[in-house]
Each structure stands twice: as structure tokens, then as C-alpha cells.
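Have a look at the structure below before the remarks.
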Amino acid sequence: MKPSNDCLSLIKKWEGLHRKRPDGSIEAYKDPVGIWTIGYGSIEHLDLDRPIQQGDVISQTTAERWLKLEVEEAAEDVDRLCQSALTQSMFDALVSFVYNIGIGAFSESTLLRKLNNDVDYEGAAGEFDRWVNGTDNGTRRILPGLVNRRNDEEALFRRDGLNPSVGGSGSSTSGSITTPTTSSVEEYPYKPAPVPLPFTRALLVKGDVGDDSYILNCALAGLGFLRMAPQPNEFSDITKSAVELLQRREALSKIDGKVGPETKRAMENALKRARGLVPSVTPERGVYCRLTRTRKDAYQGLEWCKLEFVDPTGGVVESLKVVSGAPEAQRFLLFSDPDSLPRSLQPIPQGRYTIGDISWAGGKDNYNASHPHPNNGIGPVWVPFVGKQSDDRGDFGFHVDWNWIQEGNNPGSAGCVCPTSLEDLKELVRLLREFDPRLLVVDWGL
């Protein structure tokens, strides 16, 4: 079933078109709960496949196009989850409802249960007015705007009567949600998760065992939320924590550690972004590098970080202690964090980077020369990174903390990843030559 013009009109009425500039274009704004939003309530930049950010500007035509795309997604979710027959007006009301509260909340709602389990249309209609609470200035309370929206949605739901088998066009899903397969917990070698994710169930939760959970764990590992290692076919506590981290990073409507349609779609988008701009982590590609925090003091106010060389099939094979950022700016952030700024001297932002080739200042294996730099900070070896994120900071890389070693001043870096002695630099060069990693995963645990 497809949403009608009544559905689009209702969503437009209550979402509104925000925020118009004097020239007619639409700019991003923060919604009441602090999420960057644009147009008719869009929180995802559909053309760049990323969350909306401060400074985003689109045209009204783009806002209309995005609205239709997002309404179509909500309609597909409603069509998949609702197993009972629906009139067109019921379907339109539910699509507007899901567009507002999110598919994750709808998939667990009493409203959906009354439709699917009880086939109770009157009871389902009575559930709309339970969804009228929101946060206003930090306080959870009934919001008049939501009361009025729910009244409109309920009225539309009831408009053609509450018996879809009499008149109106009915709709039902082609089958019921498959229950989790009962099987023993096993562990299998990591494999890149296919996109779209071929889950057989509409909702995955902690305790599920089977192929869906194995695919989910591989997807989370591919995004850096789990270790790149053999994965179990169990949705464990660790899986749940990783899902919650993904939901926070993708600014989803519900942070619950469950994988419904909204989280599945966000995960697929994240996988597409990652794979389109940096090499995938696969056993065939061999060893990659992973950078993590230790929360242990290094020197001059810096924190030790751990640089690991990771074999996807066998775990960590080598590691080094390094530093990143300057002592006065040891803030470990995401690229998307508003405080993650160029020239801030902060550690390299969490993300994925392509590792370039070794560049020598004075010829191969000459550790006495130094690359030109205003503060004499690079030293004999420079290995550039290319980030998958769009950003004007283009000079991340590996180099030794040269001016600290040589002159005892300016410790740390402007975001690069630095061994702190000539011996460690030589070890880094050896490892880069031996394993030739081309992917760096920076994981600050955010």
C-alpha cells in the first residue's frame, strides 16, 4: 500500500517547513531535544548520506523530495510490520504516526500489538492519545501540539470505518515475523556483512541466537563497534552495548540496544558510507591498524594511546604506545562533534582513515634528516592519512614527536599519531613494511 496525498498533507501540517531564510532556502536548526534538523523534520542528509549538521542549507524542492522519500520509507515499515488488513485512511494515519515517533518505538507499541495480535481496531485507535508526551525545557510533560496531532491521526485512522473487510482497500503483510531460531551459540570467522542486511526478523534483541545475530555482529565489527575478530551467532550484552553506541552516533529516535527497521537502516547507511570511501576490513586485505585510548598518563600532560596491528582472523599481532594531540587539548572526539575543530590541537578524531606510503626526508632509512616544518615537529618519516569524513583538516599522519625528542619542547602533535622515541619510530616503520596496513580505525569508545 502507498501513502496518499492525505498522508503527505497531514505530515506537512504538523512537521512544518523549517527554517526558511530570506532568499527562500532552508537552513538546519536544532530541534527541542538538540538534534540538527532541516526541512520537514529530516535528521539525515539524504544526498550526502550522513546526519544533518550545523550550516546545512537545502532548497524547498529538496525538502519536498526528502519528505516523499522518508514518507515512503515509513510506509514500507508500516506495510512490513502491520499483519492485519488496513484501510487507506488507517494506513495513512499510521505512516504519519511512524514518521513522528520512529519505527523503533512503533515496532514495540501496544498499538501495533493490538492490530497484529488482537485484530482490535477500536483498541488500536484508542492508543494514539497515549503518545502525547515530550520534553519541554528539560521537563517531560504533555505537549498540546502532540495532543492535536494525535487527534488528527486518530480521526484519519477512523475515517473510513474500523472494518477493513467492508469497503476500502485492505492491506496486510505477506507473512509474520519469524521467531528466533533456537540453536547453540557458535563462533565463526568474520565476514563483511552484506548490504542490505539480510535479516529474517523485523526486530533483533538481546538473547537472539542464529544467523541474524552473526550478521549483526559482523556489521558492528565492520563499523568499528566490535573487535575485528571471529564473531558469535548470539545477540549478547556486548552486542547490545555496541548497538546503543551506533544509535547514539546516528542520532536515532530511540537508544534501546534493539535492532528494528530504523536501526537496521542506519546501520546499512553507515556501512555504505564506510565502504565507499575507505577499504573494507576483510581477511583478504590483511592486517589493519587500530588506535585506542589507555587513559594512562604519558608525559607533559599527554595520554598514552595504543596503536595495534590487527589481523582480522587472529586478533592483535603487534602494538606500540603513541600519543596524539597537544597536552592542553587532550579531548577525544568524533568528527561530527561541534567542538572538533581545525587547528584545535586535539587528538585525531574518531573515524576511519586510509594509510598512505612512507615518505622519507633524507632518503630511505635516513633517521637523521627532518621534513621541513615551522616547529621542526615532523622528523625523518611522514606517513599521511586520508579520512573518509569531509573536513578541512588534511594533514593527519604518522610521525615521531621530533621536536620533543630533539629539543625538549612542543610535546605532542596537532592531531597526528606519534611514536615518542627513535626506537619506536623504527619499530613503526618495520611494522608498516611487514604488514602494509592501509586502514586505520581510530576508536575512542564514543
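The values are calculated or read from the model by the stated rules, or taken from the named source; none is laboratory data. Bear in mind the structure is a predicted one, so any value in this text is a computation, not a measurement. Neighbour counts are summed over all protein chains in view; Cβ atoms, including those assigned to glycine, are modelled from backbone coordinates with ideal geometry.
Points to keep in mind about this one:
- Looking only at region 35-92, and only at residues there that are part of a helix (DSSP H, G or I) and of a type in the set (Phe, Trp, Tyr), the one that is surrounded by the fewest Cβ atoms within 10 Å (Cβ to Cβ): 66
- Of the criteria (1) in contact with a Lys or Arg (Cβ under 7 Å, 6 or more places away or on another chain); (2) at negative phi, which one residue 54 fails: (1)
- Residues of region 189-202 classified as closer than 20 Å to residue 108 by Cβ and over 18 Å from the mean Cα position of the chain (by Cα), total: 4
- Evaluated against (1) modelled with pLDDT under 90; (2) among the basic types (Lys, Arg); (3) over 29 Å from the mean Cα position of the chain (by Cα), residue 114 falls short on exactly one condition, (1).
- Test: residue 403 is farther than 19 Å from residue 431 by Cα, surrounded by fewer than 22 Cβ atoms within 10 Å (Cβ to Cβ) and modelled with pLDDT under 90: yes
- Any hit, region 229-242, residues being in contact with a helix residue (DSSP H, G or I) (Cβ under 7 Å, 6 or more places away or on another chain), in contact (Cβ under 8 Å) with a residue 40 or more places away in the chain and more than 29 Å from residue 287 (Cβ to Cβ): no
- Pair list, Cβ < 6 Å and 6+ apart or interchain, from region 118-143 residues that are within 14 Å of residue 94 (Cα to Cα) and assigned by TED's automatic domain parsing to the domain that holds residue 94 to residues that are at pLDDT 90 or above and aliphatic (A, V, I, L, M): 124/111; 124/115; 127/111
- Scanning region 1-46 for residues that are in contact with a strand residue (DSSP E or B) (Cβ under 8 Å, 6 or more places away or on another chain) and acidic (Asp, Glu) yields 27, 31, 44.
- Note on region 360-385: among residues that are in a strand (DSSP E or B) and at pLDDT below 90, the one that is surrounded by the most Cβ atoms within 10 Å (Cβ to Cβ) is 385.
- Qualifying residue in region 117-128 (condition: at pLDDT 90 or above and among the β-branched types (Val, Ile, Thr)): no
- Among the residues making up region 299-345, a single one is of a type in the set (Phe, Trp, Tyr) and modelled with pLDDT under 85: 335.
- Members of region 302-356 found to be surrounded by 21 or more Cβ atoms within 10 Å (Cβ to Cβ) and in contact with a helix residue (DSSP H, G or I) (Cβ under 7 Å, 6 or more places away or on another chain), listed by number: 302, 312, 346, 352
- Considering only residues in region 387-400 that are modelled with pLDDT under 90 and either outside the structural domain of residue 326 (by TED's automatic domain parsing) or surrounded by 16 or more Cβ atoms within 10 Å (Cβ to Cβ) (or both), the one that is nearest to residue 299 (Cα to Cα) turns out to be 396.
- The set of residues in region 227-257 that are assigned to a loop (DSSP other than H, G, I, E, B) and surrounded by fewer than 21 Cβ atoms within 10 Å (Cβ to Cβ) comprises 227, 229, 230, 236, 250, 251, 253, 254, 255, 256, 257.
- Among (1) at pLDDT 90 or above; (2) assigned to a loop (DSSP other than H, G, I, E, B); (3) surrounded by fewer than 20 Cβ atoms within 10 Å (Cβ to Cβ), the one test that residue 420 misses: (3)
- Restricting attention to region 58-108, the residues that are among the β-branched types (Val, Ile, Thr) and touching a Phe, Trp or Tyr at 6+ places or on another chain (Cβ under 7 Å) add up to 4.
- Residue selected from region 24-41 under the condition small (Gly, Ala, Ser) and modelled with pLDDT under 90, by the criterion farthest from residue 265 (Cα to Cα): 24
- Only one entry in 53, 60, 83 is among the polar types (S, T, N, Q), free of Cβ contacts under 8 Å to residues at least 60 places away in the same chain and either under 28 Å from residue 244 (Cβ atoms) or in contact with a Gly (Cβ under 9 Å, 6 or more places away or on another chain) (or both), namely 60.
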